[in-house]
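Notes follow once the structure below has been shown.
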Amino acid sequence: MMCSDHPAFSSGLRAFALKSQGIVLLLFCACMAGNASVICPSVCICASDIITCTNKNLTTVPRTLHRVMTSLDVSYNSISTLGSNWAPAILDRLKTLILNHNSIDFLSRGAFTSTPRLRYLDLSSNKLKKLDDSLFLGLNSLEILLLYNNQVAQVSAGAFEGLYKLQKLYLSQNLISHFPLQLYEGKSKLPLLELLDLSFNKLTSVPVLQLTALPIRLQSGLYLHANPFACDCSFYTMVTYWYNRQLKSAVDFKDDYRCYYQLDSKRSVSVLLIHGDLFNCSNSTVNGSFHALGLIYEAHLGERLVINCDSKILDSNTNVLWVTPRNDTLQPGVQDQGLQVLLNGSLEIQQVQPEDEGIYTCIAINSRRMLNETIEVSLKVHNFTQNGQHSQTFNTAFTTLSACLASIILVLIYLYLTPCRCWCKGKQKHRRTNGNSAHSSILSTTPSHEAGGERKASTCKRVAFLEPVKEPPKGQNGKMKLLPTNHSMAEKTLRANRGKADVDSISSVFSDKLIMA
């Protein structure tokens with residue numbers, strides 16, 4: 001009889017087989033339990049690739065996480081720091097990370113290098129106080145970043161450097177007092193940023209000229225309401241322009257746009273910005289702001305001008321039409337009388353002429369979004385070239401002033417620079433007198449000389465005051481008679497006026513004094 005046929009041996013073999021099966025089953029269950037703990041932590045709720053660990057009083061992020069997850073929510077906990085090793089491995093499938101309503105006050109510089117595919121990061125309602133350079137290094141795919149309701153007072157220039165795909169940035173309800181202009185210019189510029197929320201901060205002013213130079217699609221996503229702005233005409237004009245263009249940031253929060261007049265060191269008055277004409281702003285200030293906003297253009301004769309169609313719906317699916325002041329419609333690629341629409345929707349005027357002045361209308365039609373927008377732009381043409389050479393049209397006031405100045409100069413030249421042609425000699429010749437005429441004794445053209453040659457030259461300007469006589473008796477033919485009748489009396493009068501000066505001619509030809517009879 002063989003051993004296998006023995007009853008004891010058969011029963012032992014069956015018992016060993018049963019034990020082996022039990023051990024294998026136990027090991028299999030243990031492995032399954034271990035895999036389950038890696039996929040879903042005990043304090044979390046898991047649903048395929050989504051893990052939620054909210055409101056569990058956690059102080060750290062659970063480390064038993066599986067690489068297949070795409071969304072992780074650890075909000076409403078007590079996490080205070082987020083170091084560079086918070087993740088157990090590279091989570092290359094994770095796209096959404098929610099860490100709001102914790103106590104995070106410190107972020108390590110390499111905290112997000114283990115989540116290279118992250119698109120949505122929520123760090124709102126924490127205790128962050130400053131944002132250092134390269135804080136979000138490695139988030140090359142991030143599109144939305146929420147940092148509102150923190151205590152951020154300082155934003156470094158390179159805090160968001162490298163976030164080239166970031167589209168929306170929420171920084172509201174913080175302590176920011178300086179506008180982060182580096183988000184729109186410089187090496188830290190975010191090229192795809194379309195929404196920036198800075199509401200409920202400590203901003204008292206913003207760089208209006210730089211902001212108004214931005215495309216209107218960026219201005220439409222700029223939220224600045226509920227800040228303690230100082231009342232300023234440029235800022236008032238910008239906000240009014242946003243409201244008139246129906247930008248959501250101004251229309252939806254028009255009652256939260258206020259500015260403050262400082263009455264003294266302790267008192268100030270709050271004024272609504274979008275509330276009619278409450279500001280006494282000059283037209284030059286308002287027009288200057290509208291120049292920057294691209295609503296008013298000025299050009300000189302003959303120069304090239306490009307007028308932008310700054311529409312908030314402008315993208316690759318937008319068609320642009322222009323209507324000129326002559327009601328001509330222009331389409332892209334068509335040139336008409338020196339005007340053409342460029343491929344980017346701008347209107348080019350090759351050489352500005354006086355008839356080009358007026359209001360141009362840009363009509364933007366977005367076929368994909370089923371939207372359209374109309375923008376009116378005013379063009380003023382100066383009637384002279386840019387180098388200052390005036391055309392045939394002159395300013396009347398300037399011409400009149402020039403004529404008056406020229407007249408005054410001519411009068412002064414005549415009064416003070418008239419040449420004196422009297423040549424004074426050392427001797428005086430006795431005048432020949434004619435007793436029958438006053439002109440023969442006074443208005444003589446012959447120069448006289450004084451004996452001795454010791455007297456100085458006179459001024460060649462003499463006045464003789466003569467008394468009119470009564471009506472002459474008949475027989476004198478109506479001639480004027482001098483008193484006394486002897487002509488020597490008149491000559492003595494002239495000599496008395498000359499004194500010791502040399503005797504000059506008193507001819508009326510060279511004298512500019514009036515001789516009164």
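Of all the listed residues (Leu293, Leu263), the sole one being open to solvent by less than 20 Å² (accessible area, probe 1.4 Å) and either modelled with pLDDT under 85 or of a type in the set (S, T, N, Q) (or both) is Leu293.
Number of residues in segment 203-213 that are touching a residue at least 40 places away in the same chain (Cβ under 8 Å) and either within 21 Å of Leu145 (Cβ to Cβ) or polar (S, T, N, Q) (or both) equals 1. Looking across segment 167-190, the residues that are in a loop (DSSP other than H, G, I, E, B) and open to solvent by less than 70 Å² (accessible area, probe 1.4 Å) come down to Gln167, Leu171, Ser172, Asn174, Ile176, Ser177, Phe179, Pro180, Tyr184, Gly186, Ser188, Leu190. Annotation: Ser134 fulfils all but one of (1) closer than 17 Å to Cys40 by Cα; (2) at pLDDT below 90; the unmet one is (1). Among the residues of segment 224-258, which ones are open to solvent by 30 Å² or more (accessible area, probe 1.4 Å) and assigned to a helix (DSSP H, G or I)? Those that are open to solvent by 30 Å² or more (accessible area, probe 1.4 Å) and assigned to a helix (DSSP H, G or I): Cys233, Ser234, Thr240, Tyr243, Asn244, Lys248, Val251, Lys254, Asp255, Asp256. Filtered by the rule that a residue be under 25 Å from the mean Cα position of the chain (by Cα) and open to solvent by 50 Å² or more (accessible area, probe 1.4 Å), segment 351-362 gives Glu357, Ile359.
Here's the yes/no breakdown for (1) of a type in the set (S, T, N, Q); (2) surrounded by fewer than 16 Cβ atoms within 10 Å (Cβ to Cβ); (3) modelled with pLDDT of 55 or more:
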residue	(1), (2), (3)
Ala364	no, no, yes
Val381	no, no, yes
Ala397	no, yes, yes
Ser402	yes, yes, yes
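If you go through segment 302-320 and pick out every residue that is open to solvent by 50 Å² or more (accessible area, probe 1.4 Å) and part of a strand (DSSP E or B), you end up with 1. The criterion of being in contact with a Leu (Cβ under 9 Å, 6 or more places away or on another chain), at pLDDT 80 or above, part of a strand (DSSP E or B) and open to solvent by 70 Å² or more (accessible area, probe 1.4 Å) does not hold for Glu348. Scanning segment 144-166 for residues that are surrounded by fewer than 19 Cβ atoms within 10 Å (Cβ to Cβ), assigned to a loop (DSSP other than H, G, I, E, B) and within 29 Å of the chain's Cα centre (by Cα) gives Ala153, Ser156, Ala157, Gly158, Gly162, Tyr164, Lys165. Taken over segment 191-212, the criterion of being part of a helix (DSSP H, G or I) and open to solvent by less than 30 Å² (accessible area, probe 1.4 Å) is satisfied by Val208, Leu211, Thr212.
The values are calculated or read from the model by the stated rules, or taken from the named source; none is laboratory data. All values derive from a computational prediction rather than experimental measurement. We place every Cβ from the backbone using ideal geometry, glycine too, and count neighbours over all the protein chains shown. Surface areas here come from the heavy atoms of the whole protein model, side chains and all, with no ligands, DNA or RNA. Shrake-Rupley method; radii C 1.70, N 1.55, O 1.52, S 1.80 Å.
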